[in-house]
Amino acid sequence: MPYGPPGRPTPPPRKRRGGLTSLFLVIVFLVVGGLVKFAVNTGIDVGIGAIGPKPSTTYEPQPGTAPAATSDNPLLTDADGTLVPASCDYAPWSTQVDKARAFFESAARCLESAWKPLLAENNLPFESPTLSVTATTAGITTPCTGSTSNFAAFYCAANKTIYMPISQLQTDQFRDNWVVYLSVFAHEYGHHVQAQSGILRKANSERVDAGARSPKGLELSRRVELQANCFDGMFIASSKGGGSLSAAQVTVATKDSYGRGDGPGDMRDHGTSEHGGQWFEAGLDHNLTPKCNTFTAGASEVS
């Protein structure tokens, strides 16, 4: 699945060379390791998925913004943290770039009208994300992916941009079931909400301390991703409550949420398909941010 949680392919076993080669490899490992640690210190990957090399997210908080907090973040401890029913005027979906951009722009306006007041109620800042909608990934350079074109839909916290390449949305499979593309977009927007509220800053810091690819580091990544699934479900519930989505469309989105997850050979950084669907339904059924507090959930709930 192009934009499902991907992980990296398992590298082939290395052949034993000689003593000098081994020494060279050790030196390279130490240098690269230092560079990786530097990169991780600035952020972690929170995209819904990319094929091959995964986007890194460099989130540099500005002074005076939201507190760095996860489980005790104001957004997650607000007992009344709900998204009001939203009547959204979604533009017609099409795989043509201009029309697809209009669709996602209309969704972005609706997502902002849903999330911005909730953050304001909890004295949290809000800045609209930038939206990039392109036909393919060719020629795109981002702070999170560099010049590689091997990525799918994701959020880059370094420039607060959501990237939605149409070629990676499996339109041949989902065709005109645009609620699936809306749900993917709402997930990525959920990462922007995490960045704005300070959740990402704290999660990044804790993951750096634990080691990005350590068991604890990967668990933190799963908590971030599964929470974005829950925020996605909240928005779908809000849009249905406002009459903008039908019950049948919500069923399609729910089924799709159970069709994504870490597969064999993946890095285990997004969570199982079952947990992905369960957290989506937690947001859909309750529409309350405390119900999306993946950082207080037991490890078995975010595996």
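The values are calculated or read from the model by the stated rules, or taken from the named source; none is laboratory data. Because the structure is predicted, anything quoted here is derived from the model rather than measured. Every residue, glycine as well, gets a Cβ built from its backbone with ideal geometry; the counts of neighbours run over all protein chains shown. For the accessible areas, the whole protein counts, side chains as well, though only heavy atoms, and no ligand, DNA or RNA atoms are used. Shrake-Rupley method; radii C 1.70, N 1.55, O 1.52, S 1.80 Å.
Some points to look at:
- Residue in segment 73-82 that is open to solvent by less than 30 Å² (accessible area, probe 1.4 Å), under 14 Å from Phe231 (Cβ atoms) and of a type in the set (S, T, N, Q) present: yes
- Conditions (1) touching a Leu at 6+ places or on another chain (Cβ under 8 Å); (2) more than 16 Å from Ala107 (Cα to Cα); number of the one not met by Ser273: (1)
- All positions within segment 168-186 that are open to solvent by 10 Å² or more (accessible area, probe 1.4 Å) and not in a helix (DSSP H, G or I): Gln170, Arg175, Asp176, Asn177
- Residues in segment 75-85 that are modelled with pLDDT of 95 or more, assigned to a loop (DSSP other than H, G, I, E, B) and farther than 8 Å from Leu118 by Cβ: 2 in all.
- Residues that are surrounded by fewer than 20 Cβ atoms within 10 Å (Cβ to Cβ) and under 17 Å from the mean Cα position of the chain (by Cα) within segment 275-296 comprise Gln278, Glu281, listed in sequence order.
- Scanning segment 154-211 for residues being among the acidic types (Asp, Glu) and closer than 19 Å to Val224 by Cα gives a total of 3.
- Considering segment 86-167, the qualifying strands (runs of 3 or more DSSP E), each wholly inside and each with 1 or more residues that are farther than 22 Å from Thr289 by Cα and either touching an Asp or Glu at 6+ places or on another chain (Cβ under 6 Å) or at pLDDT 95 or above (or both), run over 130-134, 161-165.
- Some residue of segment 261-279 being over 15 Å from Gly217 (Cα atoms), acidic (Asp, Glu) and touching a residue at least 60 places away in the same chain (Cβ under 8 Å): yes
- Scan of segment 201-240 for residues that are among the basic types (Lys, Arg) and touching a helix residue (DSSP H, G or I) at 6+ places or on another chain (Cβ under 6 Å), ordered by number: Arg207, Lys216, Arg223, Lys240
- For segment 89-118, residues that are open to solvent by 40 Å² or more (accessible area, probe 1.4 Å) and either within 11 Å of Phe185 (Cβ to Cβ) or acidic (Asp, Glu) (or both) total 4.
- Scope segment 118-139; condition closer than 19 Å to Gln170 by Cβ and in contact (Cβ under 8 Å) with a residue 24 or more places away in the chain; matching residues: Ser132, Val133, Thr134, Ala135, Thr136, Thr137
- Out of Val224, Val250, sole residue that is surrounded by fewer than 19 Cβ atoms within 10 Å (Cβ to Cβ) and modelled with pLDDT of 95 or more: Val250
- Segment 187-210: number of residues that are open to solvent by 20 Å² or more (accessible area, probe 1.4 Å) and in contact (Cβ under 8 Å) with a residue 60 or more places away in the chain: 5
- Residue, surrounded by the most Cβ atoms within 10 Å (Cβ to Cβ), within segment 140-158, restricted to residues that are among the polar types (S, T, N, Q) and under 15 Å from Leu169 (Cα atoms): Ser149
- From Thr134, Thr161, residue being buried (at least 18 other Cβ atoms within 10 Å of the Cβ) and in contact with a strand residue (DSSP E or B) (Cβ under 7 Å, 6 or more places away or on another chain): Thr161
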